[in-house]
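Here is the structure we will look at.
The values are calculated or read from the model by the stated rules, or taken from the named source; none is laboratory data. None of the values given here were measured: they were computed from a predicted structure. Cβ coordinates were reconstructed from backbone atoms using ideal geometry, including for glycine residues, and neighbour counts include every protein chain displayed.
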Amino acid sequence: MRENFIILFLLIHIAVSGQKAKNPFQRVSVPDSIALSLENAYNTKNVNAGKNVFNLINRKSFKFVNGVFSFQGQGAHFSRRIFIFNEKKIYIFQNDGTSNPKGILKEYLDAVNYLNLNNQQMVLYLEAISVYLKDELGNTYGDDIQR
């Protein structure tokens, strides 16, 4: 009886370990040139911002396509920022939603013009940015900690 239990346990273990686990924190893989641009956006070396990219229009999509994306340097003190990619052109927002949501909205108009977004894209992307701003409301990324 005990041998049957061990064999059953081993079979279940092999079956379960053979399945590929889904990563709930899977990120969008961006080209190296985009990753470098995101890295440079923080004006700090080695922040791995290009490794922490998420699709804001479809959070379940991990392909790098036209759209709005968030990125963040490695570490809790780096604010989450956004960029828009459209037809091989990128617009990285200088402001972040936590400290300057008004700046994000002003930059959005610049991005629309620079990237030549169509009406459908403008509405879809603005909706994604609206959700981003709502998510960032009240975040401080450690700025409120007194030393």
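Selection of first residues in the range 110-132 that are within 15 Å of Phe69 (Cα to Cα) and of second residues that are exposed (fewer than 15 other Cβ atoms within 10 Å of the Cβ) and of a type in the set (Lys, Arg), restricted to Cβ pairs under 9 Å at least 6 apart or on distinct chains, gives the following pairs, ordered by first then second residue: Leu115/Lys89. Residue pairs whose Cβ atoms lie under 8 Å apart, separated by 6 or more positions or on different chains, with the first residue in the range 89-105 and among the charged types (D, E, K, R) and the second assigned to a loop (DSSP other than H, G, I, E, B), are Asp96/Ser79; Asp96/Arg80.
Does Asn113 satisfy the criteria of being closer than 22 Å to Asp32 by Cβ and either more than 15 Å from the chain's Cα centre (by Cα) or aromatic (Phe, Trp, Tyr) (or both)? Step through it out loud before you land on a result.
On the way: closer than 22 Å to Asp32 by Cβ: no; either more than 15 Å from the chain's Cα centre (by Cα) or aromatic (Phe, Trp, Tyr) (or both): yes.
So Asn113 fails the test.
For the structure I just gave you, tell me whether Ser37 is hydroxyl-bearing (Ser, Thr, Tyr), outside any loop (DSSP other than H, G, I, E, B), modelled with pLDDT under 95 and over 13 Å from the mean Cα position of the chain (by Cα). When the stated conditions are applied, Ser37 passes them.
Would you check if Phe71 is in contact with a helix residue (DSSP H, G or I) (Cβ under 8 Å, 6 or more places away or on another chain) and either of a type in the set (Asp, Glu) or touching a residue at least 40 places away in the same chain (Cβ under 8 Å) (or both)? No. Scanning the range 53-61 finds no residues that are β-branched (Val, Ile, Thr), modelled with pLDDT of 90 or more and surrounded by fewer than 14 Cβ atoms within 10 Å (Cβ to Cβ). With respect to the conditions (1) assigned to a helix (DSSP H, G or I); (2) closer than 20 Å to Gln72 by Cβ, Asn113 lacks only one, and its number is (2).
On inspection, Gly142 qualifies as more than 26 Å from Asp32 (Cα to Cα) and in a loop (DSSP other than H, G, I, E, B). Only residues that are at positive phi and either part of a strand (DSSP E or B) or not small (Gly, Ala, Ser) (or both) were counted in the range 49-101, giving 3.
For the range 87-96, what are the residues that are surrounded by 14 or more Cβ atoms within 10 Å (Cβ to Cβ) and out of contact with any Lys or Arg (no Cβ under 7 Å at 6 or more places or on another chain)? Those that are surrounded by 14 or more Cβ atoms within 10 Å (Cβ to Cβ) and out of contact with any Lys or Arg (no Cβ under 7 Å at 6 or more places or on another chain): Ile90, Tyr91, Ile92, Asn95. Of all positions in the range 9-31, none carries a residue that is part of a loop (DSSP other than H, G, I, E, B), modelled with pLDDT of 85 or more, hydroxyl-bearing (Ser, Thr, Tyr) and closer than 15 Å to Phe93 by Cα. How about the range 100-123: which of its residues are surrounded by fewer than 14 Cβ atoms within 10 Å (Cβ to Cβ) and touching a Phe, Trp or Tyr at 6+ places or on another chain (Cβ under 9 Å)? Across the range 100-123, the qualifying residue is only Asp110.
Close Cβ contacts (under 8 Å, 6 or more residues apart or on different chains) running from residues in the range 26-46 that are under 23 Å from Arg59 (Cβ atoms) and crowded, with 18+ Cβ neighbours inside 10 Å to residues that are at pLDDT 85 or above and among the hydroxyl-bearing types (Ser, Thr, Tyr) comprise Val28/Ser61.
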